[in-house]
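These notes are about the structure you will find just below.
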Amino acid sequence: MPVRVVESSAPSQVSGANSGQTSPSICTLLSVGQAFSGTQNVSNLQKEEAWRVNVRIQGCDLEHGYLCGTMEALNVPMADTPVVTFWEGEIVDTKNYTFYTGKWEATPENDIKHWTKFPSFSPLLNQVEVDGGKSLDLSNYPYIFMRWKEQYFVNVGTDCGLTIAGFYYVCFSCSDGSINGFYYDPNSSPFQKLELKCTNEERSGFSFSSYELQ
Amino acid sequence: MPTTTTTAATTGSNILHRLTSADRDVKLKALRELKNQIIGNRTKKLSFLKLGAVPTVASILSDAVSTDAVVDNNNDNINKNIIVQSAAVLGSFACGFEAGVKAVLDAGAFPKLSRLLSYHDEKVVDAGARSLKMIYQSKLAPKYDFLLEKNMEFLLSLLNNENENVSGLGASIISHSCKTSVEQKLLSDAGVLRKLTSLLGGSLSQRDASLESLATIFKSNPEVVVKFVGNESERALSCIIDLVKDRFARTRLLASLCLIIVRNTSPCYLQDLAIKTKLINTLLELLGDPGQVGDEASFAFSSLIAQKEDMQKLAFEVNAIDKLYNHLKGGSLHPLRFEGILLALADMCSKLECCRSRFLSLQVLNLVIDALAHDSSDVRIAACICLRSVSRSIKNLSAGSFMNETVVIPLVRLLDDSSTSVQVSALGAISNIVVDFTTRRSLFIRCGGVKQLVQLSKSMDSTIRSNALWALRNLMFLAENKCKEGIFLELTASLLASLICDPEPIVQEQALALVRNLVDGCISSVEYMFAEDGIIFDAVGRQLRSASKAEIGIQGMYVLSNVATGKESHKEAVMNQLLPTENRTQPYLINFLQSNDSRLRTATVWAVVNLTCSSSPGASVRVVKLRDAGIVSQIKNMVNDPCLDVKLRVRTALGQLMTFEDSST
């Protein structure tokens, strides 16, 4: 979700991001087509404020630790319409990506500071401090840690007064499909919290669609 | 007035006439003249072929060989010359000209040419070997049986011969006839590898022939490769590596191909970064060769990088996309070269997003789109494959980069192509492009895409049916209601039901996946299942009862699971489908829950979760039915399922089931 521009900053580019044929998901609740809704707290010292947010998973390529989708911010004060951005995610699978970001102006200290905000991270902390989590096997861990980086605005121009320079530290719960995240951008208010829940879209249960690339 | 042709024909007839002369000098002169006329001249070869020159020359050879055998006259130079010249003429007809090879073989000249190899006269042997080598370049040449002991001995004698055409013939025989792993092993055990290795140090033609034969013997046979590389021939491998830097382009290509085969057969070898980079650079540079080598270089490049992400990355780093594009934008390429470059680009973009980004930023897409309308079907296929690769970029699909008229219109047009292979490859690209997140599906529908896809889903060819359904399934993914309605009206419930019950499992799977997407999204979509007296719903049930593979069960269970998120009546319909009252046999639900495929177990538990949502009024009755059918106890057994997803879904299901169990006790 975009945040207000505090200082002028160009969106950073992710390099070597991968996609490919859709592979089976680790968790069905995080598979393509799944939708989530909730809020992002954008409060600052002057004002308490939260924007409503919808997220939809559009692509998943576990082999490359890749996930992508859109994020829609609904009640953005300076925008006439909901603002939709496209994001790409790095899944911390300890093969493709570790807990250390190594880019986007995030130091290991920033990383640890954000990851430790998730209670489910605490059992991993000691090992992560040693090697970024490289030696951890997270394949059976009921939480999936990710970084989501917005790449472009889908429905508004870059001159909309919003920035997508930062990225999110994300923790997904495989049990109930809830998502917690913290936005990190050295130029924005710290620890803006993203809280999303899996949406059933008026259904009595969970519905799943799928596509497969050739 | 066709004066020249008449003159040519007259000259041709004249030569043919002189070939039948009783005067041997005249005959010999005519043979020489004929040879000179047809060498490297395809048109002349064809015109003499039509005049019946090949059987005439074959018979001259046959007579001369017989004369030589009967008259023990080693000094009959004219007869020897006739043999040499007639063999040379036959070889010329066979050189790079399939119709010529066929005519030579039909005229029965092959055994006569083979006989020349046992002559004492060097020139005769050389002429026979040259001609046979030409014949062995063709697929039409008879297969050489390596399993016969005497044949293997003869082959070794050819390879050991000092005459480069004779040893070259031995190598050509191997390249042509060695097909099976048994033959590869036999040749390797007979010491052929060692012999071929020694030929690598010989003349240009020996080197090239040897490289080709080595590649043939290595192909897909790790045992032989290990024997060659592992034990005795480390030096030989480095010799081949050196030949990648040879000054002759063909040798560089053949050496590269040989190493690619070693790598592809036994991936543990040739992992050195320098060699990998050298191979990539050599092949990219050979693309610039104006002849056959340039045509073949792109195919060799593809075999080097196909399915290998590390190689694609390396090639990307040396600007392979740019280099391939530069050859492409030169325009007016020979179809084979055009096809090869498009396929190389397709392989480059098959896995890595950085390659796709580069491809799109260079505007290669426009050239590929033009190629969709090329006269050659192979080029059209290659263009589709290229589009399919580049459209694997979810980032660009999300940005709607491909869903525009420039791409869609020519692709949809190809669905009408007279070639089935073109149709299948166009369907491959369309399947990706219709994964749309920008609500531009209507464009595809407006271009007549859905009508065409529905037509193709009725094809007699199951590959076309399954691919057409694949595209429709992807088009249906997260489609808005109006779009779904349009597709459904075109497809009809009865066609969908019959496709679900198609004889081919791959078609069934895609049809079920399509229905799964149809009933997802807006809750009213569930009603599609019950159109025309529920024929789709019944077809899904029938297919699940007889599911021949896990994928069908998975898609079918997600259909039912999605329907079970609807109203009470929908949930009840699913219950009746899963546990029909009249059927007392073990429900397939139990088999699915016990499946070895965790994806099928997951899909099945989701259906149970949706049927037992505590908020729905009929849930308690359904829980009782599920318990009576043994489903609840089966689910209880799964609390420690090895698959995390299944385990967590089982917990959700049990949480819901327990609510009712508690209230019923």
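Coordinate-derived values only; no laboratory data. Only a predicted model underlies this, so the values are computations on that prediction, with no experimental measurement involved. Here the Cβ positions follow ideal geometry from the backbone for every residue, glycine too, while neighbour counts run over all protein chains shown.
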HN-Hα couplings for the stretch B:530-541 via Karplus (6.51, -1.76, 1.60; θ = phi - 60°), in whole Hz with x for Gly/Pro, come out as 10, 5, 6, 6, x, 5, 5, 4, 5, 5, 4, x
Amide H within-cut-off set for A:Gln58, under 5 Å, with H built and near neighbours excluded:
A:Gly33, A:Cys68, A:Gly69, A:Thr70
For B:Thr463, put the label point 7 Å out on the Cα→Cβ axis and report which residues of the stretch B:486-530 keep their amide N under 16 Å from it.
B:504-507
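State the three equivalent ellipsoid semi-axes of the stretch B:426-469, derived from the C-alpha gyration tensor as the square roots of 5 times its eigenvalues, in descending order and whole Å. Write out the running numbers ahead of the final one.
Details: eigenvalues 81, 26, 8 Å².
Each semi-axis is √(5λ); the values are 20, 12, 6 Å.
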For B:Thr67 paired with B:Glu234, estimate the spin-label separation in nm (one decimal), with each label point 7 Å from Cα along the Cα-to-Cβ line.
5.9 nm
What share of all Cα pairs of the stretch A:153-193, in percent, falls into each consecutive 10 Å distance bin?
25, 36, 31, 7
Within a Cβ distance under 15 Å of B:Asp63, other residues only, what is the Lys/Arg minus Asp/Glu net charge?
+2
How crowded by other chains is B:643-651, given as the mean number of beta carbons from other chains within 10 Å of each beta carbon?
5
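Beyond 26 Å, how much of the Cα-Cα pair distribution for the stretch B:443-595 remains, as a whole percent?
Working: 2485 of 11628 pairs.
Of all Cα-Cα pairs in the stretch B:443-595, 21 percent lie more than 26 Å apart.
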Enumerate the whole-percent occupancy of each 5 Å bin, from 0 to the last occupied one, for all C-alpha pair distances of the stretch B:34-172.
2, 11, 21, 22, 19, 15, 7, 3, 0
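Taking Cα atoms of chain B, Rg/Rh with Kirkwood Rh, to two decimals?
My calculation puts Rg/Rh at 1.12.
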Using alpha carbons only, how many angstrom separate the centre of the stretch B:291-358 from the centre of the stretch B:491-563?
40 Å
Rounded to whole Hz, the Karplus (6.51, -1.76, 1.60) HN-Hα couplings of the stretch B:494-502, x for glycine and proline:
5, 5, 4, 4, 6, 6, 4, 9, 4
Euclidean distance of C-alpha centroids, the stretch A:129-181 and the stretch B:579-609, integer Å:
35 Å
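Give me the inter-chain shielding for A:194-207: mean count of other chain Cβ atoms within 10 Å, whole number please. Write out the running numbers ahead of the final one.
Working: counts 0, 0, 0, 0, 0, 0, 4, 5, 4, 12, 14, 16, 10, 16.
The mean count of partner-chain Cβ atoms within 10 Å per residue comes to 6.
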How far, in degrees from 0 to 90, does helix B:377-390 lean away from the longest principal axis of the Cα atoms of chain B, to the nearest 10?
40 degrees
Relative contact order of chain B (C-alpha contacts under 8 Å, at least 6 apart) in percent is 5 percent
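Highest first, please rank the peptides B:483-489, B:20-26, B:605-611 by the mean number of other Cβ atoms sitting within 10 Å of their residues.
Values: B:483-489: 16.7, B:20-26: 11.7, B:605-611: 26.9.
Order by mean packing, descending: B:605-611, B:483-489, B:20-26.
Would you mind computing the Rg to Rh ratio of the stretch B:355-433 from its alpha-carbon coordinates, Kirkwood style for Rh? Don't skip to the end; give the middle numbers.
Numbers: Rg = 11.6 Å, Rh = 12.3 Å.
That ratio is 0.94, to two decimals.
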When the Cα centres of the stretch B:25-66 and the stretch A:192-213 are compared, how far apart do they sit, in Å?
78 Å
Determine by what factor the alpha-carbon radius of gyration of the stretch A:70-214 differs from 2.2 N^0.38 Å, reporting the quotient.
1.14
Given N residues in the stretch B:166-316, what is its alpha carbon radius of gyration divided by 2.2 N^0.38 Å?
0.98
Is there a quick way to get the dipole size of the stretch B:219-345? I mean about its Cα centre, with the Cβ of Lys and Arg at +1 and of Asp and Glu at -1; what is the value in debye to the nearest 20?
100 debye
Quickly work out the B:Thr585-to-A:Glu63 label distance, labels modelled 7 Å from Cα along the C-beta direction, and quote it in nm with one decimal.
3.8 nm
Output ³J(HN,Hα) for the stretch B:559-564: one whole-Hz value per residue in order, computed from phi by the Karplus curve 6.51 cos²θ - 1.76 cosθ + 1.60 with θ = phi - 60°, and x for Gly and Pro.
4, 5, 4, 5, 5, 6
Between B:His334 and A:Lys47, what FRET efficiency comes out of the Förster formula 1/(1 + (r/R0)^6) with R0 = 60 Å and r the beta carbon distance, rounded to 0.05?
0.30
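At 0.692 mPa s and 37 °C, plugging the Kirkwood radius over alpha-carbon pairs of the stretch B:114-185 into Stokes-Einstein gives what diffusion coefficient in µm²/s? It would help to have the intermediate numbers written out before the result.
Working: Rh = 12.3 Å.
Here the translational diffusion coefficient equals 266 µm²/s.
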Let me see the P(r) profile for the stretch B:304-393: every Cα-Cα distance counted, bins of 10 Å, each bin given as a percent of all pairs.
19, 57, 23, 1
Sites B:Ser21 and B:Asn163, calculated FRET efficiency, Cβ-Cβ separation with R0 30 Å, nearest 0.05:
0.40
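Enumerate by residue number the trypsin sites (Lys or Arg not before Pro) in the stretch B:503-589 meeting two conditions: DSSP loop (anything except H, G, I, E, B), and at most 11 other Cβ atoms within 10 Å of the site's Cβ.
Of the trypsin sites (Lys or Arg not before Pro), the ones in loops of the stretch B:503-589 whose Cβ has at most 11 other Cβ atoms within 10 Å are B:Arg584.
Cβ neighbours within 10 Å, averaged per peptide: list B:254-260, B:280-286, A:72-78, A:55-61 in order, most packed at the top. Can you show the working numbers first?
Details: B:254-260: 25.0, B:280-286: 20.4, A:72-78: 15.7, A:55-61: 22.7.
For the peptides B:254-260, B:280-286, A:72-78, A:55-61, the packing ranking is B:254-260, A:55-61, B:280-286, A:72-78.
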Where the eigenvalues come from the Cα gyration tensor of the protein assembly as shown, what are the semi-axes √(5λ) of the equivalent ellipsoid, largest first, in whole Å?
65, 31, 27
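Taking the inverse of the average 1/r across all pairs of different Cα atoms in the stretch A:100-149, what Kirkwood radius in Å do you get?
In the stretch A:100-149 this quantity evaluates to 11.5 Å.
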Long-range amide H partners of A:Ala50 with built H, under 5 Å
A:Val42
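Once the piece of chain linking B:Lys636 and B:Asp322 is laid out straight, how much longer is it, given 0.36 nm per residue of separation minus the C-alpha distance between them?
On the way: separation 314, 0.36 × 314 = 113.04 nm, distance 5.83 nm.
Residue separation times 0.36 nm, minus the Cα-Cα distance, leaves 107.2 nm.
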Over the whole of B:389-397, what's the average partner chain Cβ count within 10 Å per residue? Rounded to a whole number, please.
6
Share of Cα-Cα pairs in the stretch B:464-509 beyond 14 Å, whole percent, is 52 percent
Would you kindly enumerate the cysteines in chain A that have no other Cys beta-carbon under 4.7 Å from their beta-carbon?
A:Cys60, A:Cys68, A:Cys160, A:Cys171, A:Cys198
Which semi-axes, in whole Å and largest first, does the equivalent ellipsoid of the stretch B:445-532 have when worked out from the alpha carbon gyration tensor as the square roots of 5 times its eigenvalues?
19, 15, 11
Percent of Cα-Cα distances greater than 19 Å, calculated over the stretch A:35-145
57 percent
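Evaluate 2.2 N^0.38 Å with N set to the residue count of the stretch B:104-154, then give the Cα radius of gyration divided by it.
Values: Rg = 11.5 Å, N = 51, 2.2 N^0.38 = 9.8 Å.
For the stretch B:104-154, the normalised Cα radius of gyration comes out at 1.17.
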Modelled label-to-label distance, B:Ala274 and B:Ser418, 7 Å Cα→beta-carbon offset: nm?
5.5 nm
In degrees from 0 to 90, rounded to the nearest 10, what is the angle of the helix B:3-19 Cα long axis to the longest principal axis of chain B?
60 degrees
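Just how large is the dipole of the stretch A:137-214 about the Cα centre, in debye to the nearest 20, putting +1 at every Lys and Arg Cβ and -1 at every Asp and Glu Cβ? Intermediate values should be presented prior to the final figure.
Values: 5 positive and 9 negative charges, 29 e Å.
Dipole magnitude for the stretch A:137-214 comes out near 140 debye.
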